[in-house]
Amino acid sequence: MSFLYPLGLLGLIGIPILILVYIIKSKYTEQTVASTYLWTLSERFIKRKRRPSPLAGIISLILQMIAVTLISMAIAHPVITIPDSAKEYCFILDGSGSMHMNAGITSEEGQTAPITRFDAAKSAIRQRIDEAMDGSLFTLVYVGDTTGILYERTADKEQAILLLDELTPAYNTLNLIDAIGIAQGYFNENSGLKTILVTDSDYETAENVEIVNVAEAVENYSLSDITYTHLGHTITVTGKVTSYESDRDLTLHLALDGEENPAVTKTVAVKAGEPTVFSLEADAEAFSSLCITIEEKDALPYDNEYRIHNVKSENSYNTLLVSDRPFFLKSVLQSQLNADIEVMTPEEYDGRTGYGLYVFDTVVPVDMTLPSDGTVWMVNVAGNVEGSGYTVQGEVALNKAELLSPSTSSSSATQNLMEGLNGGNIYVKRYVKCGFYRNFTTLLSYKGSPVVFAGVTELGNREAVIAFDLHDSNLPLMADYTVLIRNLLHFSFPDMIESTTYACGESATVNIITNCESVRVESPSGEIDYLDTDGATADFRLTEVGLYKLSMTVAGSVREFNIWSAMHESECDPAVICESVKLAGVATDGGFNGTFDPIWIIFITLLVIFLADWMVYCYEKYQLR
């Protein structure tokens, strides 16, 4: 035995002091007093009292001596060393998405307790720490969004439990490679290491690793492989629905644009453990998002909903078309651009802003300057515009319709703009001759003069120029017309997001376009992050299940995007069996000296001694009444 505070034993000096007080204190003596007849008579009715026994005083003294000894021992804080009783523990805690699942624990009232598997896992680790001999060492490896060591070889039980209680589960799938590697390093240093994997999966084999499975049989349903087609006015959604525990009839609900369109509901008979293919149809001319849900409740709500946002809708721009004859341009833009198109005459245009795309057909912008907050197209340019990057040298009238020449450049910019474009048999009767003072990519030309070209304005906005009147050309009647407009739109507005649906744990890519000032990402839980806009693209990892909201500020204008992060399919199964988990090597006892802290026993004993001494004191007083 050793003492944490040996000076506390100085309190034992109180024992001889107690003995001295006991020796010198006054003794009880009997004194004779005068009495009368009344006194003598009254003694007949008074119960005689026995003299207090000296034994009571001795007992009280002994109890007080024991109390002083116990108080001194408590202050000195004894610690008993127990050889080879302590162990080193390495806990690996599964924090994957399936740990959000209801633990299936039943309360005394017969109701399922509202705790998750992750709560049950933390409780299992907490119990192991409490039961371990004092002096044991604890390491906790948490496998969540990333694998990390929460604490390492600590002997402080309270601190270990406190840090454990602060953990919350992640949403992605489990990957034990790094965690096993960490545990292997500890095992190599101490072959007596007890590695305990707390998870909701079973393992066929486990070597040098103890598996604590907190999973219980629970009902769970999930959606997967959701896709859609949109033909005409019919939207067809297909996918798979799974019931993992039992045969069930599940009700599927399809909503378009948040119930703005009529919803569709369908009941599907599902066999246990067998993904069942389903199909739902809805009537809608267009949509921005669709949401399909399972209406029945189960143990894991995160896999009962699946959303898809229309990529074409997410990447659309509101457009202003300024033209006296807008038919050709409006019709092609409506077929290629999923956005509101506002049309006005040149006389009505007053320099208003707030559009993603400005199309000026035979119009010079107000004050001869270009809008600063969007992409600009100039068709049949009517005059010089400040900051456009080119100059107008005048209109050239041809004697007859002449053939335009497609570019033969092999640059990637030209190839992207010419993709799918035949470029032959396009004739014009007149065109506007232009000269460049900035770099432009030429698509079509006439005898070396650029007629269709694209580039960037001095303000940094993308710009496309068609230097002839569409009505003086056969272009609107050709298939190349639609292809050209599609390529120019893709050049003007490269898709900011490539997909709107991912599995949790994957990384989403955002394309950074010209004049992009910031990209703000808000997670389903409300956490805010800003992406780096210096490169051509920016990636961010989806660490939660639910709807991510992106806000991209381009030239002062804010565009909103939505990305759905779905629960990984592997995390939806409530009863997973994995192949094996092991630590290489031969396990030994590897124990070391543990400690036993009897301080609580001392306090309980001290309480009993105080109560006993009080009882002796009360008994003695009663005898002296």
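The values are calculated or read from the model by the stated rules, or taken from the named source; none is laboratory data. Here the structure is a predicted model, which is why all the values come from computation and not from measurement. Cβ coordinates were reconstructed from backbone atoms using ideal geometry, including for glycine residues, and neighbour counts include every protein chain displayed.
At least 1 residues being over 31 Å from the mean Cα position of the chain (by Cα) and among the acidic types (Asp, Glu) is the threshold, and among the strands (runs of 3 or more DSSP E) wholly inside the range 201-269 those reaching it are 201-207, 248-256.
Report yes if some residue within the range 419-428 is surrounded by 14 or more Cβ atoms within 10 Å (Cβ to Cβ) and either of a type in the set (Phe, Trp, Tyr) or in a strand (DSSP E or B) (or both); otherwise report no. Checked against the condition, which is being surrounded by 14 or more Cβ atoms within 10 Å (Cβ to Cβ) and either of a type in the set (Phe, Trp, Tyr) or in a strand (DSSP E or B) (or both), the range 419-428 yields at least one hit.
Taken together, Val432, Val363 contain a single residue that is buried (at least 16 other Cβ atoms within 10 Å of the Cβ), touching a residue at least 40 places away in the same chain (Cβ under 8 Å) and in a strand (DSSP E or B), which is Val432. Here Ala120 fulfils each of the conditions (1) in a strand (DSSP E or B); (2) under 17 Å from Ser96 (Cα atoms) apart from (1).
Every residue, every condition in (1) among the small types (Gly, Ala, Ser); (2) outside any loop (DSSP other than H, G, I, E, B); (3) within 19 Å of the chain's Cα centre (by Cα), yes or no:
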site: Tyr151; (1), (2), (3): no, yes, no
site: Ala160; (1), (2), (3): yes, yes, no
site: Leu163; (1), (2), (3): no, yes, no
site: Pro169; (1), (2), (3): no, no, yes
site: Asn172; (1), (2), (3): no, no, yes
site: Asn175; (1), (2), (3): no, no, yes
site: Asp178; (1), (2), (3): no, yes, no
site: Ile182; (1), (2), (3): no, yes, no
site: Phe187; (1), (2), (3): no, yes, no
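Annotation note: of Thr553, Thr533, Thr543, the sole residue that is assigned to a loop (DSSP other than H, G, I, E, B) and in contact (Cβ under 8 Å) with a residue 24 or more places away in the chain is Thr543. Within the set Tyr302, Tyr358, Tyr349, the sole residue that is of a type in the set (Ser, Thr, Tyr), in a loop (DSSP other than H, G, I, E, B) and not assigned by TED's automatic domain parsing to the domain that holds Lys549 turns out to be Tyr349. Pairs meeting the criteria (first residue in the range 225-241 and under 21 Å from Lys271 (Cβ atoms) and free of Cβ contacts under 8 Å to residues at least 60 places away in the same chain, second residue part of a strand (DSSP E or B) and basic (Lys, Arg), beta carbons under 8 Å, at least 6 apart or on different chains) are Asp225/Lys240. Here Lys87 clears all of (1) among the basic types (Lys, Arg); (2) more than 27 Å from Ala170 (Cα to Cα); (3) modelled with pLDDT of 95 or more except the condition numbered (3).
Among residues of the range 493-535 being under 27 Å from Glu305 (Cβ atoms) and of a type in the set (S, T, N, Q), the one that is surrounded by the most Cβ atoms within 10 Å (Cβ to Cβ) is Thr500. Checking the stated criteria, Leu484 turns out to be more than 19 Å from Lys400 (Cα to Cα), within 46 Å of the chain's Cα centre (by Cα) and surrounded by 21 or more Cβ atoms within 10 Å (Cβ to Cβ).
Is it the case that Gly389 is surrounded by 14 or more Cβ atoms within 10 Å (Cβ to Cβ), modelled with pLDDT of 90 or more and under 47 Å from the mean Cα position of the chain (by Cα)? Spelling it out, Gly389 is indeed surrounded by 14 or more Cβ atoms within 10 Å (Cβ to Cβ), modelled with pLDDT of 90 or more and under 47 Å from the mean Cα position of the chain (by Cα). Just the residues that are surrounded by fewer than 15 Cβ atoms within 10 Å (Cβ to Cβ) and in contact (Cβ under 8 Å) with a residue 24 or more places away in the chain, please, taken from the range 157-176. Within the range 157-176, Asp165, Thr168, Asn175 meet the criteria.
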